[in-house]
Each structure stands twice: as structure tokens, then as C-alpha cells.
Amino acid sequence: MVTEPIRDKNMLRLFADYWHKKGNLRNYVLIVLGVYTALRVGDLLRLVWADVYDAQCGKFHTHITLIEQKTGKYKVVALNKQAVNALNLYLPNSRGNFIFASSRKDGRAISRIQAWRIIRTAAEAVDLTGHVGCHSLRKTFGYFAWRNGTLPVVLMDIYNHSSYEVTRRYLGISQDDRDKVYTGMVLF
């Protein structure tokens, strides 16, 4: 099954806040960073604190720089206020080098399947319908960026997609979205 973006802002807020209310800041940050950076889950899970935080200065970086695991391409992602705020909440309670460290004592990051479980648990808890999984976070970023006026060609570049068709599918444009364009058009 193909995952879908989360299209409803209220449901997105409930979904993201689920782990925060449970007191599990690692899982909360996983969802927040996933949505606000549009990184693939494999790239998220490889992030270490030094990628986002300068311990000597006591400040968060303005950008994450990495080589994408899937494409091998260099990527620079700006950290927005929401991402930094979530990271700042979690930093004092974090353990290990990895941002998404496993609760095991081996110091490794959580697995992709564990990330999927975290996302599915939150989705089910808030009755989020549709096919929601790890890739939904990445797709949600694009959907709302597009809805806010970001040109698809810019999203194509952000995603490192090779064709517009792939980006179009990512955005999960529905008939409701098309209808809003038709019914909202006022030219004269």
C-alpha cells in the first residue's frame, strides 16, 4: 500500500502531540522532524546530536547537512522554529549520540520498524484514517508546502525527485483539492 500525506491540520496536530502528551519526547521529535524536514526515515534515524546542535556554543544549527542515504546526494535542510523547539525540549532528556537512540544500552539508533511502530501507534490512537506510515511525514511536508503556494518544481528539488510525476504523486492531490481550485477561481 502506498502511504498518504496527512491532509488535515487538526489531525496532524493531534497526531504530532500524541507522543508529547505521553511524555515520550524522542517519539514526538521523530514526528516533528519528519514533517518539518521532509527527510526519509533512514536519514532521520542516522542523525546525531552534532548534526543539529553545537554543544560548545550551546546553540542549535540553522541547517542540517547530510548525504542522502538513498540518492547519495548532498542535502541542506533548514531547521525551522518548530523543529528547533521540539529538539530543545528533548535535548536534556536524550541519551546517546543518536537523536533517535534506542532504549537499549548499545547506543544505536532505533530501527526503521520501530519508527514505523511509533508512527502507526500515534495514527491509530488519534483515529487517523488512510495509509499512514513513515513516508507520510515526508509527503505531509510537501502537501502543506504545495497548499501554501510552494511551486511543485521547488518541491521536486527539495525531494531530489527526477520527474514531476513522482512529486505529483507525493503531494497526494485529491479531488477535493482540485475542486477548491475550480470553485475558488474568481477572475472577473
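Every number here is computed from the coordinates shown, using simple stated rules; none is lab data. Computed from a predicted model, the values in this text were never measured in an experiment. Note: ideal-geometry Cβ built from the backbone for every residue, glycine included; neighbour counts use all protein chains shown.
Would you mind calculating the relative contact order of the chain from Cα pairs under 8 angstrom and at least 6 residues apart, reporting the percent as a whole number?
Once normalised by length, the contact order is 30 percent.
Please arrange Ser94, Ser174, Ser136 by how many other C-beta atoms lie within 10 Å of their C-beta, fewest to most.
Ser174, Ser94, Ser136
Treating only the Cβ atoms of Lys and Arg (+1) and Asp and Glu (-1) as charged, compute the dipole magnitude of the stretch 9-182 about its Cα centre; round to the nearest 20 debye.
360 debye
Under the √(5λ) rule applied to the eigenvalues of the Cα gyration tensor, what semi-axes describe the equivalent ellipsoid of the stretch 9-182? Give them in Å, descending.
27, 20, 15
Fewest Cβ neighbours within 10 Å first, please rank Phe15, Phe60 accordingly.
Ascending number of Cβ neighbours within 10 Å: Phe60, Phe15.
Starting at the first residue of the stretch 38-47, write each ³J(HN,Hα) from the Karplus equation 6.51 cos²θ - 1.76 cosθ + 1.60 with θ = phi - 60°, in whole Hz, x for Gly and Pro.
The phi angles translate into 6, 7, 5, 4, x, 6, 4, 5, 7, 5 Hz.
Of Lys73/Lys139; Lys139/Lys180; Lys22/Lys70; Lys81/Lys139; Lys22/Lys139, which sit over 28 Å apart, Cα to Cα?
Long pairs (Cα-Cα over 28 Å): Lys22/Lys70.
If you average the sequence gap of Cα pairs under 8 Å that are 6 or more apart and divide by the length of the stretch 78-143, what percent do you get for the contact order?
The normalised contact order for the stretch 78-143 reaches 16 percent.
For Leu91 and Thr62, what does the FRET efficiency come to when R0 = 25 Å and r is the distance between their Cβ atoms, rounded to the nearest 0.05?
For Leu91 and Thr62, the calculated efficiency is 0.95.
Please arrange Val166, Val76 by counting, for each residue, the other beta carbons lying within 10 Å of its beta carbon, fewest first.
Val76, Val166
Setting aside same-chain residues fewer than 8 positions from Lys59, which aspartates and glutamates have a Cα under 13 Å from its Cα?
Counting by Cα, and skipping residues close in sequence, Lys59 has these aspartates and glutamates nearby: Asp51.
Taking the Cα centre of the chain as the origin and placing charges on Cβ (Lys, Arg +1; Asp, Glu -1), which of Thr62, Ile110, Leu12 is farthest toward the positive end of the dipole?
So the residue we want is Ile110.
Near the amide H of Thr150, under 5 Å away, which other amide H atoms are found, from residues 5 or more places off or on another chain, if H is placed in the peptide plane?
The answer is none.
Collect residues whose amide H, placed 1.01 Å from N in the peptide plane, falls under 5 Å from the amide H of Val48; neighbours closer than 5 in sequence don't count.
Ile99
Considering amide H positions built from the backbone, and no H for Pro or chain starts, which residues 5 or more places from Ala109, or on another chain, come under 5 Å of its amide H?
Ser102
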